[in-house]
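J.: If you scroll down you'll find the structure; I have some questions about it.
The values are calculated or read from the model by the stated rules, or taken from the named source; none is laboratory data. Computed from a predicted structure; not experimentally measured. In this analysis, Cβ positions are derived from the backbone assuming ideal geometry, glycine residues included, and neighbour counts consider all displayed protein chains. Keep in mind that these areas ignore ligands, DNA and RNA; they rest on the heavy atoms of the full protein, side chains included. Shrake-Rupley method; radii C 1.70, N 1.55, O 1.52, S 1.80 Å.
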Amino acid sequence: MGSLDSPAMQHLVTARAAALENVALYPQVMPPILGLVSDNRSLDLQRWVADFIAEALASPTLPTEEKEKMVLPVLPILKSFLEAPDNDVQVLKSAIQASASSYPLVFRHIITHPNDSHHWDQLLAIKSHILRNMDSYTPGIRICAIKFVQKVVQTQTLGIIADPRRTEQNEISLALVPRDHPLLQPTKIEAETSGLLDRVLDILNDKSSDILVLTATINSLSVLVKSRPALTPRIIQAIVHSDPYKFVKLPITTRTKIELRSIERTFRALFSGAIKRQPNHPMREKMDIFLGRLAQSKIAILDETTRKRPAPAEPSQDMDNGKRQKLEPVPIPIPPVAAPPTISLAQLFSISTDPQAQAFDVTLVPFDIVKKIIVPILRGIDSAHLQAATNMVRVRLQTIADAHAASRASANAPLGDDDDDYEPDYEPVEDAAQLQNRLEMESSDLVSAKASQVSLGPFNLPIAPPLPPNDLDKMMQLMMTKIFRRIDDFTASTPQKAKSGLNRLAASSSDRMAMLTNFIRLLTRPTAGLFSGGDSTKADTSAVSAEQLQLLADNGRQQLLQYILHNWTLRMDIATAWLTEEWYNDLMCKQEFDKESDGGRKPPPMHFKKWSHRFLDELSAFISHEHQNLLIRFVSEVPGLDSDLINKVKRLALDPERIGMTVKVLYYLTMFRPPVKEICLDAIEDLYKNYDGTKMSTTSILKKFRPHVVAEVPTESS
Amino acid sequence: MDPRRRTRSSAANDAAATPTPPPPPPPPATDPTPSNDTAMVESTTPPGSPPRQQDDGFKLKFCTVCASNNNRSMESHLQLALNAYPVLSFGTGSLVRLPGPTITQPNVYNFNVTSYDAMYTELATKDTRLYRANGLLPMLDRNRHVKWGPERWQDWPVGVPRVSSQQKQNRGSIGTESGVVDIVITCEERCWDAVVEDLGNRGAPLNRPVHVVNVDIKDNHEEALVGGQAILDLANSLNAAARREIERVGEETFEGKARDGFDESVPEILAEWQERWPHLPALWTLAWF
C-alpha cells in the first residue's frame, strides 16, 4: 500500500484497521475516504484508496446488501481512476479489480431498481472503457481485465437459483432478471455475454499473449466451468482446440521448462476439477486426449534439445549429398604411375590425377609471380598433406623397387633395353612386358583400394550359394503344393463369372484362371530359354544349369499332372490350358531353333507331345462312357491334335464299354475339326475293320463319309 | 480434550474462555519458560527471537503451504517472518499427520483446533526420547513460537480479516490483516494441485490475482531448512521486482506503458531462481482469490 507517512495517511490506516476489525464500519468509513480522493490526486492516496475500495467490495464478511449500498457512490471514482490519462499501474489494477467486484453488485441493484439508469450508465461506461483498453493494457493489468470480463460473463448468464423465496441469498446472475426489465433485456444481454466469452476464449489462441495471460485466463475460465455448466462445452471445446505451447519461446531454457510444466499442470487442474465434480463428464474423453497431447508435445519439445546434437558447424555445400564422409583425415589417394619405360620424374612426383594439371608446364610461369606465390603456398601447406604426398612418392618408389627386386630374383630374366636413362637410380633388369604387367597389377590394386576408401558405393549383398538340386526340387514341390491349394481356394470361393470369350486377355485379372495361366507359363517358358535375350553371360552366372532346370521343370510338370488327375473331372480345363501353353511354347521354341539353325545345336525338347500322350495314357485308366462330354471337350480344345493322339483316343475303344464314346469323339472331330477329319475317318475305319463290336456305331458314319469302306467289307467277309 | 492440556491452558491464559479456537500460546518473548522441564530443555533449540527487521518498504504478502503445516511450510514461514515479510501458512492434508513410533501408528491431529503447544506437550509426554531423536519435538517447539496451530488451506476464508488477538500474535502477521496474500508458495506438487483446484472451486469472488508457486521440497528436517532458505531467496527476488514496479512512478515510456510489470516478470524471476536452486523443481500459475 505504498509508503504512508503523512498524518492524513495515518488516519486512513487507522480507519482501515478499524473497518477490518469491524466490517460494519465500512459504510461509514467509505464516504469520507471517497471525498478525500476527489480533492487530492496524490499518487499514494490514489493507490491506497483504489486498494481500499477493492478490498472493501471484495470483503466476504460484509453482507451483499451493505456492499450494494456502498458501491453506488464508488462508481464515479472508479471511472475517474480508469479514465485518468496518466493512470498508474497499481491504481489501474485495483480499480479494475474493484470494478469486477462492483459489477454483480450494481447489476443486482439495477434488477431491483429498474429505473436507475444513471448508475447503470456509469457501470456501462466503466465496462466499455475496460473492454476497449483490454488488449492494450500491460499483461499485469490485462489479466485483471480478463477477470473482469469473466465476472461479467458469470453475472450475465443464468445461474442456479438455490431458493427462490430468499432472493438475497441467491447468486447474482441473469436468472434474477425479470423478462420485462426496462434496462436489462435478457436477449440483448445474452448476445453480449456470448461475445464477451468469445473474447476471453480468443486469448487461448492469441499469439500476442504470454504465459501470464494464458494461465490467468485458464484459471478464470475454471470458475466459469464450475459455476456455469451451460458454458462448459464451449469453453472446453475452445481449450482442446488450442495450442497452448505456442506461447513457449524456444530455445529451451530453464524458464521454458518451467513454463511448459506450468501450462500443462494448470490445464490439468482445470480439467481434473471439472471431472471431479462430474465423473462421467460428457467431454471427458476430449479432455483426456488434450492432456495426453499436451504431455506428449511437452516431452517432444524437451527432447529436441536434450537428445539431439546441434548441427555440426562445418560447411556442407561441398559435401556429397548422399552421405557425408567421415571427418577423420582422409588418406591421400595415390594415383597410379606408368610403367618404368614411360615413367618420367614428373610423373613420379606428380600428385594430381587431373591430366590438365599434369600437362601444365610450370616453367611458363614468370619468375616474379613464382616468387610471390611460393611463400604463401609453402606456408599454407598442411603438414598432413605434405606427409601423405611424401609417403605417396615413397610408395611409388617402393613399388618400382619391388618390381626390380622381383625380376632380379628370377635368375633367367633377360636384361631389357636400358633406354630409361632418365631414371638412373634403377636398372631395369626385367623385360618391359613383365614390369608393365606387374605395375598394372599393383596399380589396379591401388585404385581399388582407393575406391573402397574414398567413395561409399552401393552395397551389394554377396550372392547366396546355389541351392543343391535336391533342395531346389523340394522347395519347388512345396511351392507348387501351395499354389495348388491357392487355386483350390479360388475354385471354392469365387463364383463363376460370365465368360468374355475370345476377347479375354489371359492373366489379366486376379482370379483363378489368371493364377493358373501365370503358373503354367512359369512352369513351361523359362526352361525353354527363349527369353534369355541371348545373353550368354547371364546363363553362365545362373546358379542352375540348363539340364537341372529342365529336370526341375519336368518334375513340376509331373506334379501338375498328378494334381489334375487327382480330381480330373473338375480339372480338365487346367489340362487343356496347360497343354495349350506347352504347344505354344513348343511352337515358339521350334521357330527360334529354325531361325538360328546353323547346325550343331540340339533341337529343343518338345513337351506337348510327350505330356499330352502321358496325360491321355493316365486318363485312359479312369475314363468311362459317362465322361464322354469331358473327353469331347478336351479333344476339341486341345491344339496340335495329331494322328498319335487320335490313335490314343481310338485305343480307348478296346474296352467295349467305351466304344460308343470313342466313336462319338471321333465323329465330333470329323465334323468340327476339319484339319484332322481324315485322320479321324482313318481311325473310325480302323475301328470298323479291326475292333470288335464297333460296327454298329461306325457303319452310319462311314456310310456317310467313306461309303466304299462299308461297301467293300461285307464282300470281304462274305 | 486432554485433561493435562485443559488444566494447562486454563492456567496459562484467560483467553481460554473463548470456546473455539483454543487459546494461543503466549508470545515467545514474554513467556520463555514452558511449564514442564522437558519443554524447558527444548526451548533452547528453536531459533531465538532475533530483533525483527523493521522495514518500512513495500512487502509482498506470502503464504506457505505444505501437507501438514508443520515442517516445510512452517520452516519457510519462520524464515519469511524473520525477514519481516507478511506471511501465513497452511496445510492441504485432511489431517495433521506426524510420524509415530511405527509407520502404521502416526500421530494424527485435527487442523485448526489443535495447537502446536498441545502437540508438543502430548508427544513429550508419550516418548520424549523418541520424538526428540526424530526431530519432532524441536520442530513443534519451533512452530509454537511461530504461530498458534496448524491451519488447513481449504478452511481458510480468504479475505476475512485476520485481526483476532491470536492471529495477531502469529509471526509474520503484520500486513496480513486483510486476509489475502500476493504469493502462495507450496512445497509439494500435490499441494500445488490442491491449492489451484481449491481456488477454482471457491469461484474467485475477490477478483484478486495470486501467484501460486510450487517449490518441491522433500519432507524432512534438513530439506525443509534448505527449502526455507530457497523460499526466502525467491521471496526476496519477487519482492524486489514488485518494489521496482511500485517505485517506478512517472517512468512510463512514451507510449504510456511502463516496462514489464511485476506480474509478467514472475516467470523470469522464477527461472532465474531455479538456476540458483536447480534441485527444487518449480511450478507456477496465476490463479484468483
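J.: From the Cα gyration tensor of region A:7-203, with a ≥ b ≥ c the square roots of its eigenvalues, which class applies: rounded if a/c is under 1.5, or else prolate if a/b is larger than b/c, or else oblate?
T.: Oblate, since a/c reaches 1.5 and b/c is not below a/b.
J.: Here is a follow-up. P(r) tail for region A:623-718, what percent of Cα pairs lie past 18 Å? Write out the running numbers ahead of the final one.
T.: Working: 1826 of 4560 pairs.
The calculated P(r) of region A:623-718 puts 40 percent of pairs beyond 18 Å.
J.: Determine how large the accessible area of A:GLU547 is when every protein chain is in place; take a 1.4 Å probe and give Å² rounded to the nearest 10.
T.: In the full protein context, A:GLU547 sits at about 130 Å².
J.: Right, another one. Which parts of region A:72-88, residue by residue, lose 50 Å² or more of accessible area when the rest of the protein chains are there, as against the chain isolated (1.4 Å probe)?
T.: Flagged in region A:72-88: nothing.
J.: Right, here's the next one. Where does each of A:LEU652, A:LEU386 land when they are ordered by accessible area, with a 1.4 Å probe and the largest first?
T.: Most to least solvent-accessible, the answer reads A:LEU386, A:LEU652.
J.: Please go through the residue pairs A:LYS207/A:LYS276; A:LYS609/A:LYS677; A:LYS474/A:LYS595; A:LYS276/B:LYS168 and name each one whose alpha carbons sit more than 29 Å apart in this structure. Mind showing how you got there, number by number?
T.: Numbers: A:LYS207/A:LYS276 31 Å; A:LYS609/A:LYS677 19 Å; A:LYS474/A:LYS595 37 Å; A:LYS276/B:LYS168 37 Å.
Pairs exceeding 29 Å: A:LYS207/A:LYS276; A:LYS474/A:LYS595; A:LYS276/B:LYS168.
J.: Going through region A:74-140, which chymotrypsin sites (Phe, Trp or Tyr not before Pro) have at most 10 other Cβ atoms within 10 Å and a DSSP loop state?
T.: Values: sites: A:PHE81, A:PHE107, A:TRP120, A:TYR137; in loops: A:TYR137.
Loop-located and lightly packed - none at all.
J.: Of A:VAL395, B:VAL163, B:VAL266, which has the most accessible area and how do the rest follow, probe 1.4 Å? Intermediate results must be reported in sequence, preceding the final value.
T.: Details: A:VAL395 55, B:VAL163 25, B:VAL266 0 Å².
Largest accessible area first, the residues go A:VAL395, B:VAL163, B:VAL266.
J.: How much accessible area does A:ARG255 have with a 1.4 Å probe, in Å² rounded to the nearest 10?
T.: 60 Å²
J.: Okay, next question. Roughly how much of A:ASP116 is accessible, in Å² to the nearest 10, using a 1.4 Å probe?
T.: In the full protein context, A:ASP116 sits at about 30 Å².
J.: Follow-up. Among the lysines, select those whose C-alpha is under 16 Å from the C-alpha of A:LYS147, and discard any that sit fewer than 8 residues away in the same chain.
T.: Hits, sequence-local ones excluded: A:LYS93, A:LYS127, A:LYS226.
J.: Still on this structure, I have one more. Determine the distance separating the Cα centre of region A:639-718 from the Cα centre of region A:77-97; give it in Å without decimals.
T.: After rounding, the separation between the Cα centres reads 123 Å.
J.: A further question on this structure: Mean 1/r over all different Cα pairs, inverted: what Kirkwood radius does region A:213-256 give, in Å?
T.: On the way: mean 1/r = 0.0840 Å⁻¹.
Taking every pair of different Cα atoms in region A:213-256, averaging 1/r and inverting gives 11.9 Å.
J.: Continuing with the same structure: Mind grabbing the interface size between A and B? I mean buried accessible area, both sides, 1.4 Å probe, in Å² to the nearest hundred.
T.: Values: alone 42100 and 13980 Å², together 51950 Å².
Buried area between the two chains comes out at roughly 4100 Å².
J.: Shifting gears a bit: What is the sum of charges, Lys and Arg at +1 and Asp and Glu at -1, for the other residues whose Cβ falls under 12 Å from the Cβ of A:GLN562? Provide the component values of the computation, followed by the final result.
T.: Values: positive: A:ARG557, A:ARG571, A:ARG614; negative: A:GLU618.
My count for the surroundings of A:GLN562 gives +2.
J.: Right, next: How many percent of the alpha carbon pairs in region A:224-309 exceed a separation of 17 Å? Before the final figure, lay out the partial values.
T.: On the way: 1817 of 3655 pairs.
Taking all Cα-Cα pairs of region A:224-309, the fraction more than 17 Å apart is 50 percent.
J.: Another question, if that's okay. Applying the Karplus parametrisation 6.51 cos²θ - 1.76 cosθ + 1.60 with θ = phi - 60° to the phi angles of region B:108-115, what ³J(HN,Hα) value in whole Hz is obtained for each residue in order, glycine and proline being reported as x?
T.: Per-residue couplings from phi come out as 10, 9, 7, 5, 6, 10, 10, 8 Hz.
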